[in-house]
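The values are calculated or read from the model by the stated rules, or taken from the named source; none is laboratory data. Quick caveat: nothing in here was measured; it's all calculated off a predicted structure. A quick note on method: Cβ atoms are made from the backbone with ideal geometry, for glycine too, and the neighbour counts reach across all protein chains shown. Accessible surface areas use protein heavy atoms only, side chains included; no ligands, DNA or RNA. Shrake-Rupley method; radii C 1.70, N 1.55, O 1.52, S 1.80 Å.
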Amino acid sequence: MDKVLEGYQEISRSFEVLKQYCNVVTIFGGARVSPAHKDYKKIQKLACKLGECGYSVMTGGGPGIMEAANRGLLQAKKKNPQVVSIGLNIQLPHEQAMNPYVEIPLSFQNFFSRNSTAFIVAMGGFGTLDELSEVLVQVATGKHKKIPIILYGRDYWKGLMKWLKNSVLKEGLIAKEELVLLSFADSSREVLGILKKAKEKEVKAF
């Protein structure tokens, strides 16, 4: 009972903190990606560009792709000091330490990011796939509003998309409407274009 109460209090405190911020883009990705890896540098550059355009960045707070995103966001604060670098550390066994580029550290037993403007999924392993699956289920079942879910890096993700189309969709296990929730991007320009279209569509809906 104490653990349940503690978990509820943790989530309540976190919601209080997170609801202060709008235009938050959540970036998922592998903790094992080295700072020397080209994708680390690409995500760092992407997060910096997002920050300069007024988007705050939220990650799992760990190393690898998460560190790259938080690091890039901090670089953007020179041009846009109002954006923030958020880390939701879910305390995984091998990636417990919060990376040094997080301004607002929060801890969770399970990752959640319901106030996100978009999800960007970079290269990663089982943890990243789990996060992607959770987001898709939440959106497909209507528990989360429809927002862009961007697979960053066509070469990395094209095999997954091919499998989804040729096997999962073909067998009728997902619908076309669910598959189109996913989009590809290889550059900050493409990402910003997707975000712009989503915002325009949201404005028209009102």
Legend entry - Exceeding the 18 Å Cα-Cα cut-off - candidates Lys146/Lys199; Lys49/Lys79; Lys45/Lys201; Lys45/Lys77; Lys145/Lys199; Lys45/Lys79: Lys45/Lys201
Inset, instruction - Using a 1.4 Å probe and ignoring any ligands, DNA or RNA, find the accessible area of Trp163 and quote it in Å² to the nearest 10. - result: 140
Legend entry - Accessible area, probe 1.4 Å, largest first, for residues Thr141, Thr59: Thr141, Thr59
Legend entry - Mean separation of Cα contacts under 8 Å (6+ apart) over length of the range 18-87, as relative contact order %: 36
Legend entry - Label-zone membership for the range 22-58, site Leu129, 7 angstrom Cα→C-beta point, backbone N under 14 Å: 30
Inset, instruction - Run the 1.4 Å probe and let me know the accessible area of Phe184, rounded to the nearest 10 Å². - result: 60
Inset, instruction - With a 1.4 Å probe and every protein chain left in place, work out the accessible area per residue of the range 135-206 in Å², rounded to a whole number. - result: 69
Inset, instruction - For Lys162, list the lysines whose Cα falls under 19 Å from its own Cα; do not include residues on the same chain fewer than 8 positions away. - result: Lys170, Lys176
Inset, instruction - Using only protein heavy atoms and a 1.4 Å probe, report how much of Val24 is accessible, in Å² to the nearest 10. - result: 0
Legend entry - Exposure rank, largest accessible area first [Cys22, Cys53, Cys48; 1.4 Å]: Cys22, Cys53, Cys48
Inset, instruction - Note down the nm distance, to one decimal, between modelled labels 7 Å out along Cα→Cβ at Leu192 and at Asn115. - result: 2.5
Inset, instruction - Can you pull the one-decimal nm distance between simple spin-label points at Asn80 and Ala140, each 7 Å off the Cα toward Cβ? - result: 3.2
